[in-house]
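Okay, structure first, notes after.
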């Protein structure tokens, strides 16, 4: 609450109580918006051609030029639900997806993931909260590992990531891994945090809570945690005709490609 | 633990851990929690060497079936509500981890520790400046308040 005056007279408070409570109205509206988003978008969508983006920008020259440019470099887009978790969901999905066809790399990824719980606990995370998410995360990775047929593995991945119960557990665990990475290398990451927050404060407020949006620093740490690189294609209202690409970490050979439009990430396919 | 929902499984684990290794000055009322896993009452003692030394408080935790994705609803109950700049006289607590900064990696135990530490760092016992207004106009559920976290020092 703000610092409203302490001297509330009875007349004022009567007036106020007879009106609907502002806080409740704001929160109710927020819930309504969230519901509209979740009713209209699946957590992770099907592959769609790049040209499907044209529908969103039918009368917007700046964006249409950029969609055209994007279409020359990429074949498909897979949309994710814009709920603040889109980076983590997209990255986790796309990374597992590309590993499905590379048995050896998948096994290596599986091995590193198996060890990750102990790493997090040694960094001070509570054993049983980490365990909760780790167990589900490993259950999913194991299930996918044991599916021989590639098409079926892809289907299973897609189904899993569209079941809120599993999908959100995957998101939380990647958030925890990212937080662990930031805290492990806090000397390095502290330079990128504005204000007088510590890396640990930042993790508690901006990385671990669900629905908090991701910035460069989240992406770099998540890449380090999963030992891979991402190319982010920026599409915004800037007047240049093409989209800008950023490889994170800089100079990597990216394995996952994401489209960024202000506030949102989707997955791209070459 | 067959037949339990994920939130019940998680709460059962937390309850066991809190019974086995409670933080200093914190104890869970097992009778109430075992009757209904979604409703706990926790007894808390003011820490030695603080303004609340010797005082006893009760905290109520209510969980939804979306826990731990949804934060628990936490309020002070009973006849001794701590007099503290972030605690309203109706038991509502202004603490960011209970709403905006809640994360599924937090737990009942970490919430209790934060509240103990919030009480312990208090320099002067007083109610929030907007107590009268807030208590008259707020919803019964503190999670329906749009909190502004304006001071981290107490």
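Values in this text are rule-based calculations from the coordinates and carry no lab data. Computed from a predicted structure; not experimentally measured. Virtual Cβ from ideal backbone geometry, glycine too; neighbours counted across all protein chains shown.
Working note: Cα gyration tensor of segment A:143-189, eigenvalues times five, square-rooted, sorted largest first, giving semi-axes of 30, 13, 7 Å.
Under 1.5 on a/c is rounded, so check that first for segment A:83-228, then, if it is not, pick prolate when a/b is larger than b/c and oblate when it is not; a ≥ b ≥ c are the square roots of the alpha carbon gyration tensor eigenvalues.
It comes out prolate by the Cα gyration axes.
Any chance you could check the Cα centroid distance between segment A:57-132 and segment B:66-120 for me, in angstrom? Rounded to whole Å, the Cα centres lie 33 Å apart. Our summary gives segment B:6-141 a relative contact order of 21 percent, counting only alpha carbon pairs under 8 angstrom and 6 or more residues apart. Ordering B:115, B:93, A:37 by the number of other Cβ atoms within 10 Å of each residue's own Cβ, fewest first, gives A:37, B:93, B:115. Among A:178, A:228, A:239, the largest mean-square fluctuation in a Gaussian network model of chain A, built with springs joining Cα atoms closer than 10 Å, belongs to A:239. Considering only A:231, A:98, A:197, the Gaussian network model of chain A with Cα springs below 10 Å gives its largest mean-square fluctuation to A:197.
Taking A:30, A:22, A:186 in turn, the Gaussian network model of chain A (Cα-Cα springs below 10 Å) assigns the largest fluctuation to A:22.
Under the criterion of Cα pairs below 8 Å and six or more residues apart, the relative contact order for segment A:83-228 equals 32 percent. Per-residue ellipticity at 222 nm, computed for chain B from helices alone with -39500 (n - 2.57) per DSSP H run of at least four residues, works out to -8000 deg cm²/dmol. Please give the calculated 222 nm ellipticity per residue for chain A, where each DSSP H segment of at least 4 residues contributes -39500 (n - 2.57) and the sum is spread over every residue; nearest 500 deg cm²/dmol? Taking each H run of at least 4 residues, the total per residue is -17500 deg cm²/dmol.
Assuming a ≥ b ≥ c are the square roots of the Cα gyration tensor eigenvalues, decide whether segment A:156-270 counts as rounded (a/c under 1.5), prolate (otherwise, with a/b larger than b/c) or oblate. It is oblate, given that a/c is not under 1.5 and a/b is not larger than b/c.
From least to most packed, judged by other beta carbons within 10 angstrom and beginning with the fewest, A:93, A:106 follow the order A:106, A:93.
Remark: relative contact order (chain A) = 24 percent; criterion is Cα-Cα distance under 8 angstrom and separation of 6 or more residues. Shape index of segment B:6-141: Rg/Rh, with Rg the Cα radius of gyration and Rh the Kirkwood radius from the inverse mean 1/r over Cα pairs, equals 0.95.
A straight line joining the Cα centroids of segment A:239-270 and segment A:183-221 runs 21 Å. This ranking places A:58, B:27, A:92 by how few other beta-carbon atoms lie within 10 Å of each, fewest first, which gives A:58, B:27, A:92.
Rounded, prolate or oblate: which fits segment B:8-56 when a ≥ b ≥ c are the square roots of the eigenvalues of the alpha-carbon gyration tensor, with rounded for a/c under 1.5 and prolate only if a/b beats b/c?
prolate
Computed over Cα pairs, the Kirkwood radius of segment B:68-128 leads via Stokes-Einstein (1.002 mPa s, 20 °C) to a diffusion coefficient of 176 µm² per second.
With N the number of residues in the protein assembly as shown, Rg(Cα) / (2.2 N^0.38 Å) evaluates to 1.09.
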